[in-house]
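Beneath this line is the structure, given in structure tokens, with notes to follow.
The values are calculated or read from the model by the stated rules, or taken from the named source; none is laboratory data. If you're wondering where the values come from, they're calculated on a predicted model, not measured in any experiment. Positions of Cβ are backbone-derived with ideal geometry, glycine not excepted, and every protein chain shown enters the neighbour counts.
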Amino acid sequence: MLRSRLAPTPSGYLHLGNAVNFILTWLLVRRADGRLKLRIDDADAGRSRPEYIEDIFRQLEWLGLDWDLGPAGPDEFTARYSQLQRLERYRAGLNALQAQQVLFFCHCTRRQIKKISADHLYPGTCRSRFQAPVEPHTVRIRVPHRWVFDPASQEAAWPFAAAWPTSGEQAPKTLLRETPSLPPVLLATEMGDFILWRRDNLPAYQLASLLDDLDDEINLIVRGLDLLPSTAAQVFLAEQLGPAGAAFLGAEFLHHPLLTDRQGRKLAKSDQALSLAAMRAAGTSPAAVYRRAARFLGLPADEINTLADLLAAVTAP
């Protein structure tokens, strides 16, 4: 059975790019009679805020997107589903990696790294530090300089009869039934020795996301192309876990192009992209979002008024 997830981070209000990703994931799961989980990645407690968590539920309800597993609302999420409830699990995963002797302790700050590294990648200062220092520190994983992730090994074929979507508003002109080839990711160049455990004693995104996907038996992950390096990092972690990470190595990924603004910049919470809440306040309807998703998928948007219309369009022979 196909199993996927919606996994927003509550670090800002959801925007149109989030909505299209959620709709695409929902369509893939529903057309395959699969199971969909709502998972909110809130391990970064410094950026997570209650109003952002509430916004996730509010916008999913507005869009009519349902899920089969996960919290029904903010209160249940906080009580039962927060990643902060799973710290023991994440620590166990970290310990399993520590047993493989692939981790090291690092006391370098971001400011120090930026000062000595032109590309802001970690320069390997503490690679030989295997004992935890007294001062606040992070835990990093050593990434071999030549380790490469080839997306073709796990990238799902584009499943719709419509075109592979382009960024922005431009409609696709060539019908493709396969995902365009994605470039290999040299992880050491993209991310360096990345952090698994932060100096505030919380798990980093890559570790928490991988372990959640393993525990939830997720076998399809739909992401924007900007998260291709994260996929590479998580595949690398899964390899280091041995048999415990094998299921993730059998999962499929679909990395889609990003929605952009009129200047060609990707929509991002950090850039204060126009939120769904603001769009709603300005009178935008869910149907307008469905039609935007239809254009993104190369479907005839004028015929789309409901989520059911969109599902029928992608399941049509």
Report summary line: Scanning region 188-203 for residues that are touching a residue at least 24 places away in the same chain (Cβ under 8 Å), outside any strand (DSSP E or B) and within 21 Å of residue 85 (Cβ to Cβ) gives 198, 200, 202
Query raised in the report: Residue check: is residue 220 touching a Lys or Arg at 6+ places or on another chain (Cβ under 9 Å), among the aliphatic types (A, V, I, L, M), closer than 27 Å to residue 87 by Cα and surrounded by fewer than 21 Cβ atoms within 10 Å (Cβ to Cβ)?
Result: yes
Query raised in the report: Looking at (1) touching a residue at least 40 places away in the same chain (Cβ under 8 Å); (2) surrounded by 12 or more Cβ atoms within 10 Å (Cβ to Cβ); (3) in a loop (DSSP other than H, G, I, E, B), which is the one condition that is false for residue 46?
Result: (2)
Query - Out of 293, 238, sole residue that is part of a helix (DSSP H, G or I), modelled with pLDDT of 90 or more and over 15 Å from residue 17 (Cβ atoms) - result: 238
Requested in this report: Give just the number: which of (1) out of contact with any Phe, Trp or Tyr (no Cβ under 7 Å at 6 or more places or on another chain); (2) aromatic (Phe, Trp, Tyr); (3) not assigned by TED's automatic domain parsing to the domain that holds residue 309 does residue 130 not satisfy?
Outcome: (1)
Report task. State yes or no: is residue 31 in contact with an Asp or Glu (Cβ under 7 Å, 6 or more places away or on another chain) and in contact (Cβ under 8 Å) with a residue 60 or more places away in the chain? Result -> no
Report summary line: Restricted to region 1-43 and to residues being farther than 18 Å from residue 58 by Cβ and part of a helix (DSSP H, G or I), the residue nearest to the chain's Cα centre (by Cα) is 25
